[in-house]
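J.: Got a structure here, written out as structure tokens. Questions coming.
The values are calculated or read from the model by the stated rules, or taken from the named source; none is laboratory data. These figures come from a predicted structure and were not determined experimentally. Glycine also receives a Cβ, built like all others from the backbone with ideal geometry; neighbour counts cover every protein chain displayed. Protein only, heavy atoms only, side chains kept; ligands, DNA and RNA dropped before computing areas. Shrake-Rupley method; radii C 1.70, N 1.55, O 1.52, S 1.80 Å.
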Amino acid sequence: MSSLLELDRLSVSYGGMTALSQVSLQVPEGCVVALLGSNGAGKTTTLRTISGLVRPAGGDIRFRGRSIAGLPPHRIAALGVVHVPEGRGIFRSLTVIENLQMASYGRAAAGSHRDIEAAVEMFPVLGRRLNQAAGTLSGGEQQMLALARAFAAEPVLLMLDEISMGLAPAINAQLFATIRSVAERGISMLLIEQYVDAALALADYCYVLEKGRIVDVGEPEDLRHSEALTAAYLGAGVT
Amino acid sequence: MLPFIILGLSAGAAYALASIGIVLTYKTTGIFNFAYAGVAMFCAYVFWQLRDRWHLTQWLALPLLLLVVAPLLGVILESLFRLLAATTVEVQIVVSLGLLAFFTTFVTIIWGGNPRLLTSIFPSGKFSPAHDVYVTGDQAGTFLLALAMAGGLYVVLNRTRLGTATRAVVDNRDLAGLVGANANAVGQSAWIISTIFAAMAGVMLSTEEGLVTYVLPALVFFSFAPAVLGRLVNLPLAFVGAIGLGLLDSILAKYNSSGTLAKIETSIPYLALFLLLVAYGRRLTEVRSSLRATGGSRVVVHTGWRNLGWGVAAIIIAVAVVPHAFGASTIQAFAQAMAYAVVALTLVVLTGWTGQISIAQMSFAGIGAFVAAHIAGTNGGLFPLAVLVGIAVAVPVSLVIGIPSLRLSGLFLALATMAFALLMDKLVFASNSITGGLTGLNLTAAKIGPLSFASPTAQFYLCLIALSLAGLGAFWLRQGPIGRRLQMVRDSPNATVTLGASLTATKLAVFAACSAVAAIGGALLAVTQATVVPSNFSFDTSLELLLVVVVGGRSLISGAVIAGGFDLVQLLPLPAAVDKYLPLGIAFSVVAIAREPDGLGRVMVRQLSYALDVLYRRARRPASPPLRRTAPRLVRQKAANRA
Amino acid sequence: MPEPLLRANAVTVTFGGLIALSEVDLEVAPTGITGLIGPNGAGKTTMFNVITGLQRPTGGTVHYDGHDIRRWAPQRRARAGMSRTFQRLEMFVGMSVRDNLRSAWEASVPGGVFGRQAAAGRETVEEILSRLQLHSFADRRAGELPTGICRMVELGRALCTRPRLLLLDEPSSGLDAGETARFQDLLVETTSGDGLGPAVLLVEHDVRLVMDVCQQITVLDFGRRIAAGPPAEVRKDPAVIAAYLGESAA
Ligand SMILES: Nc1ncnc2c1ncn2[C@@H]1O[C@H](COP(=O)(O)OP(=O)(O)OP(=O)(O)O)[C@@H](O)[C@H]1O
Ligand SMILES: [Mg+2]
């Protein structure tokens, strides 16, 4: 079985409160997997645990068959796991170009000029702001910068946490197209997305999280009418 | 003129080494390092030991220092400051200050206090670029080395990936990990580079000034102004500023100034520091932008009445025990400690609650003390009037300082108040006519109406009542809308103003009120000390006060009381070299071990509450454990196995 | 047409060489919801900052309730009935949710900081807590709450000042679908009906939400106003489609 990433009964707790319990999921090579669920379900915690920012209390995380649970974030990043954290993962006091140069600090292979150029091409706005301090960018521009950085890092596994937050609709549409083309290049993805429709359209598989547990899993078509999914979003807003 | 320019250039180069070091450390580690002078001094002594005591050749001693000793020290420093990555500025300032004190003490213990000479590492001899003008090898060497080092650093920081990475780690440690930078390793590199630089600077500066424990710190304080000229991040500007300062110094010296002019001359760096800070204003930003996001302020949730209960209990115990159990000098010490606690309380309100770091509270106390001594020195009956006049002087002074500088935040406000305190030392407290010089002024028999405070017991009650009232006032402030207003200002200035509250008015009111109370505290200190000397109100004492308040608990009223209590260590029979640093060190360790950013006060309150809980409902339900602890590994493992 | 509550004329803001706003006109009616939309970096947040006084414009005028407010400090504008939320959250993280709201109320009332009219304040705060269904979080420390709740707290805080003009900067970003739907109901409920509710200026990228609730919409692009009018018109405007909505949303 060729799962790129595999979570095996992963549990996480913050100061006595259980945030994740027994979460098992798999991201097969070249697949786009979406995590769905309401706010507070534990999606962000899942990503943070995978990338090493949070230490698991139990269970295992395997990347290409090798356990990475408990490794420090930079070691995990060096394997090609690129995480765009929720809420603008940028270095606010660095300039835009410096942010992009940091994309690949741990990996010699990535982050060439060409990569950076390609990333900037994707978001032309950034090209005009290369020497501006990232903290003074508009909210959406900051989000674009975080994404551009991730794309420039030549990821093996891309983990995106609510990337469409604060982006204008036209950019969003373009972004989803980009993600699709990135996926077609064989890059695996694990993403969290509030626009359920968009997520369902993008993903090969979806997992539905509720209160730190996986309550449903399947292909988008099956899930579109899933009760678990509807319930997870409190029956609102899902079409 | 030319000789003075040459002198100025080489003095400027010495400043430059210091100010570039400050900028380097701040930019790459996020720490404004007061201990920089300590590190530099320590390294200079090590060099002296290697070369002049053990007679190693210079070309062995220097590499040994720069490539072995300094990097080792850098690694140690990194592991210390790593623990502080997420804490607020005042804690970092205090720790780096504590470190400065540690190095000073350490050096004194090992090498003794006597000044020593350190001969230059450059060949002696001089050359003459023009008629009657000589440049020594040392002068030329210092200047060229400073220039080369500054240039090298500039390249490392601005042209290499490591330079970008150090800033990225300072900015947002978690994210740095996510992009693949090993934050610890990058931090170590930064500290190693900055320590090597400090070592080099220490050696250069000590050959200029001699190995004396108090000279280097002063020199480094001088170099804050050029560092701020570069907004703490711009190396070339800091370099230019330092050279300019050196030139200014020596040109003023040319006009052979004396008297008032000389006094002004030595305070130029501090004046420049203050003016630069004010001129830059909001354009000064701190390098740790992620600080707010990680919840810089932890303080809240006033548990209210129970804490008041502790206060009342403490007062009752104090009244019941102290005047009866101890001798006169001890009682007096208690009185003095409580007077300090009154001043410390103002720091809690300012720093802990409003987020304004002040390193000038003892200067305001000094205003109160000297006004009291002047007015009530010969006629004790005028003491109440003296207190009022003290307030009437302190408040306008606080406004003059506050109006331009309260726009500054965090570190920069701390530096501005520091400049103010140093200026007070140089220009006001040093003046014989104001403070009576080294011997000070007398205030022997203060009276309020018929009550005389000549006896220690009377002083004890006076200070106890004052402290209780101040504490109660602060408590009342904290509970109500004003407490919320202070927290607003601390947490989000933008939200504060757009909700309709005035930032400036709030900050200024708090600053003025705190300086008024500090002046009262100063008057009380004058009463308990009988002789008022300037050194008791110098900048150093303000620093010390900040230190003990942070250790005691910067956001707690009890923290201020504990801070005052540290004054009681004078009663302990301790060797002079360690005197108060030993107890402080122990207290600091306790706070660090309990991982309690709110200091000893919180630890104590928590332990006491725990004890009470246990007493109350021992049998009924288990009380929460007193110290925050993660579950022991075994328990965690079991839980995991069960799952 | 009634006199607008807020009128910005030819507002220009530059940062160094960058023109963030260029001669932008904007009107907000005294009732109902006005939308302010545009691509990322179009200048919406900058416009909010100009209106609330956090950013001094390089040129242009802003009139509020008939007054030229160019020289007014932010707190004076707030006292005159302006209130806002922030795109990048600005919570009082060290306080409980209830105290967040209370301090907002106190800031908006003369003498509030000295405890004047405290009873009335408590009542307002409790009423808003229950209107926003925040009661279960009332005693939690604001710094430890998830984004969705924080957005609600910021809204509650703004409402506590009983504003006449409420400026919301991407209030639904970070909310999940359920929360967004609830927010929409709330917004409509707050502004509609008796005409006592505040006028709202709404910046938002959730097009469905904007088109549903707004009566008037102004569209910015690269710091310029490219369209203004009722939603039905704006969404068909080719310039708006090209610059902002994209083909798919048309
Ligand atoms: N302090 C500043 N210095 C330089 N440029 C700035 C500064 N603040 C904002 N800008 C620029 O001004 C433009 C407008 O920013 P603004 O935040 O108003 O955009 P916005 O419309 O709110 O976008 P978004 O939808 O992404 O939040 C942006 O391009 C931004 O980069
Ligand atoms: Mg914006």
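J.: Tell me, which residue of region C:15-32 that is near ligand 1 (Cβ under 9 Å from one of its atoms) and surrounded by fewer than 22 Cβ atoms within 10 Å (Cβ to Cβ) is farthest from the other protein chains (Cβ to nearest Cβ)?
T.: C:19
J.: What is the one condition in (1) within 15 Å of the chain's Cα centre (by Cα); (2) part of a loop (DSSP other than H, G, I, E, B); (3) surrounded by 21 or more Cβ atoms within 10 Å (Cβ to Cβ) that residue A:49 does not satisfy?
T.: (2)
J.: Something else now. Taking the condition surrounded by 18 or more Cβ atoms within 10 Å (Cβ to Cβ) and either under 15 Å from the mean Cα position of the chain (by Cα) or within 16 Å of ligand 1 (Cβ to nearest atom) (or both), does residue A:92 pass?
T.: yes
J.: In the set A:183, A:168, A:177, which member is at pLDDT 85 or above and open to solvent by less than 10 Å² (accessible area, probe 1.4 Å)?
T.: A:168
J.: Just to verify a result, which residue in region C:97-110, among those that are open to solvent by 20 Å² or more (accessible area, probe 1.4 Å) and more than 7 Å from chain B (Cβ to nearest Cβ), is farthest from the chain's Cα centre (by Cα)?
T.: Out of the qualifying residues, it is C:110.
J.: Within region A:126-139, can one find any residue that is within 16 Å of ligand 1 (Cβ to nearest atom), more than 18 Å from residue B:168 (Cβ to Cβ) and surrounded by fewer than 19 Cβ atoms within 10 Å (Cβ to Cβ)?
T.: Yes - at least one qualifying residue is present in region A:126-139.
J.: In region C:206-235, how many are within 13 Å of chain A (Cβ to nearest Cβ), within 18 Å of residue A:140 (Cα to Cα), open to solvent by 10 Å² or more (accessible area, probe 1.4 Å) and not aliphatic (A, V, I, L, M)?
T.: Looking only at that region, the number is 3.
J.: A further question on this structure: Of all residues in region C:38-56, how many are surrounded by 22 or more Cβ atoms within 10 Å (Cβ to Cβ), more than 17 Å from residue C:163 (Cα to Cα) and away from chain A (no Cβ under 13 Å)?
T.: 1
J.: Which of the residues belonging to region A:133-155 are more than 17 Å from residue A:172 (Cα to Cα) and within 14 Å of chain C (Cβ to nearest Cβ)?
T.: Result: A:133, A:134, A:135, A:136, A:137.
J.: Could you check region A:194-233 for helices (runs of 4 or more DSSP H) lying wholly inside it with 3 or more residues that are crowded, with 16+ Cβ neighbours inside 10 Å?
T.: The qualifying helices (runs of 4 or more DSSP H) are A:196-202, A:227-232.
J.: Only residues that are open to solvent by 10 Å² or more (accessible area, probe 1.4 Å), in a helix (DSSP H, G or I) and over 30 Å from residue B:488 (Cβ atoms): list them for region B:323-369, please.
T.: Within region B:323-369, B:323, B:324, B:325, B:328, B:329, B:330, B:332, B:334, B:336, B:338 meet the criteria.
J.: Considering only region A:102-116, state which residues are surrounded by fewer than 21 Cβ atoms within 10 Å (Cβ to Cβ) and either modelled with pLDDT of 85 or more or basic (Lys, Arg) (or both).
T.: Those that are surrounded by fewer than 21 Cβ atoms within 10 Å (Cβ to Cβ) and either modelled with pLDDT of 85 or more or basic (Lys, Arg) (or both): A:107, A:114.
J.: Could you check region C:159-215 and list, in sequence order, the residues that are farther than 18 Å from residue A:169 by Cβ, part of a helix (DSSP H, G or I) and of a type outside the set (D, E, K, R)?
T.: Result: C:159, C:160, C:178, C:181, C:183, C:186, C:187, C:188, C:190, C:191.
J.: Further, regarding this structure: Of all the residues that make up region A:156-168, how many are more than 16 Å from ligand 2 (Cβ to nearest atom), in a loop (DSSP other than H, G, I, E, B) and within 11 Å of another protein chain (Cβ to nearest Cβ)?
T.: So the answer is 1.
J.: Taking the conditions exactly as written (more than 9 Å from ligand 1 (Cβ to nearest atom), surrounded by fewer than 18 Cβ atoms within 10 Å (Cβ to Cβ) and away from chain A (no Cβ under 14 Å)), does residue C:80 satisfy them or not?
T.: yes
J.: Of (1) within 16 Å of ligand 1 (Cβ to nearest atom); (2) at the interface with another protein chain (Cβ under 10 Å from one of its Cβ atoms), residue A:194 satisfies all except one. Which?
T.: Result: residue A:194 passes all but (1).
J.: Going residue by residue through region B:162-173, is there one that turns out to be out of contact with any His (no Cβ under 8 Å at 6 or more places or on another chain) and at positive phi?
T.: no
J.: Oh, and also: For residue A:59, are the conditions met, namely being more than 18 Å from the chain's Cα centre (by Cα), in contact (Cβ under 8 Å) with a residue 12 or more places away in the chain, at positive phi and within 14 Å of chain B (Cβ to nearest Cβ)?
T.: yes
J.: Further question on the same structure: Any residue at all in region B:477-489 that's facing another protein chain (nearest Cβ under 7 Å), free of Cβ contacts under 8 Å to residues at least 24 places away in the same chain, in a helix (DSSP H, G or I) and of a type in the set (A, V, I, L, M)?
T.: So far as region B:477-489 goes, yes, one or more of its residues are facing another protein chain (nearest Cβ under 7 Å), free of Cβ contacts under 8 Å to residues at least 24 places away in the same chain, in a helix (DSSP H, G or I) and of a type in the set (A, V, I, L, M).
J.: Considering only residues that are farther than 24 Å from residue C:240 by Cβ and either within 16 Å of ligand 2 (Cβ to nearest atom) or open to solvent by 10 Å² or more (accessible area, probe 1.4 Å) (or both), which ones fall in region A:143-155?
T.: A:145, A:146, A:151, A:154, A:155
J.: Would you tally the residues in region B:390-445 being open to solvent by less than 60 Å² (accessible area, probe 1.4 Å), farther than 18 Å from residue B:517 by Cβ and part of a loop (DSSP other than H, G, I, E, B)?
T.: Adding up the residues that qualify gives 7.
J.: Name every residue in region C:111-145 that is of a type in the set (A, V, I, L, M) and either at the interface with chain B (Cβ under 7 Å from one of its Cβ atoms) or in contact (Cβ under 8 Å) with a residue 12 or more places away in the chain (or both), in order of residue number.
T.: C:113, C:125, C:128, C:129, C:132, C:134, C:138, C:142, C:145
J.: When you check residue B:367 against the structure, is it within 14 Å of residue B:532 (Cβ to Cβ), without any contact (Cβ under 8 Å) to a residue 40 or more places away in the chain and out of contact with any Phe, Trp or Tyr (no Cβ under 7 Å at 6 or more places or on another chain), yes or no?
T.: In short, no.
J.: Taking residue B:285 as the residue in question, decide whether it is open to solvent by 40 Å² or more (accessible area, probe 1.4 Å), modelled with pLDDT of 65 or more and within 14 Å of chain A (Cβ to nearest Cβ).
T.: Taking the combined requirement at face value, the residue satisfies it.
J.: In this structure, does residue C:186 turn out to be of a type outside the set (Phe, Trp, Tyr), under 27 Å from residue A:163 (Cβ atoms), outside the structural domain of residue C:95 (by TED's automatic domain parsing) and open to solvent by less than 60 Å² (accessible area, probe 1.4 Å)?
T.: Here the answer is yes, as residue C:186 does meet what is asked.
J.: Search region C:58-89 for residues being closer than 24 Å to residue A:135 by Cα and basic (Lys, Arg), and hand back the single one that is modelled with the highest pLDDT.
T.: Of everything passing the filter in region C:58-89, C:84 is modelled with the highest pLDDT.
J.: Residue C:35: near ligand 1 (Cβ under 8 Å from one of its atoms) and either crowded, with 17+ Cβ neighbours inside 10 Å or within 13 Å of chain A (Cβ to nearest Cβ) (or both), yes or no?
T.: Against the criterion (near ligand 1 (Cβ under 8 Å from one of its atoms) and either crowded, with 17+ Cβ neighbours inside 10 Å or within 13 Å of chain A (Cβ to nearest Cβ) (or both)), residue C:35 does not qualify.
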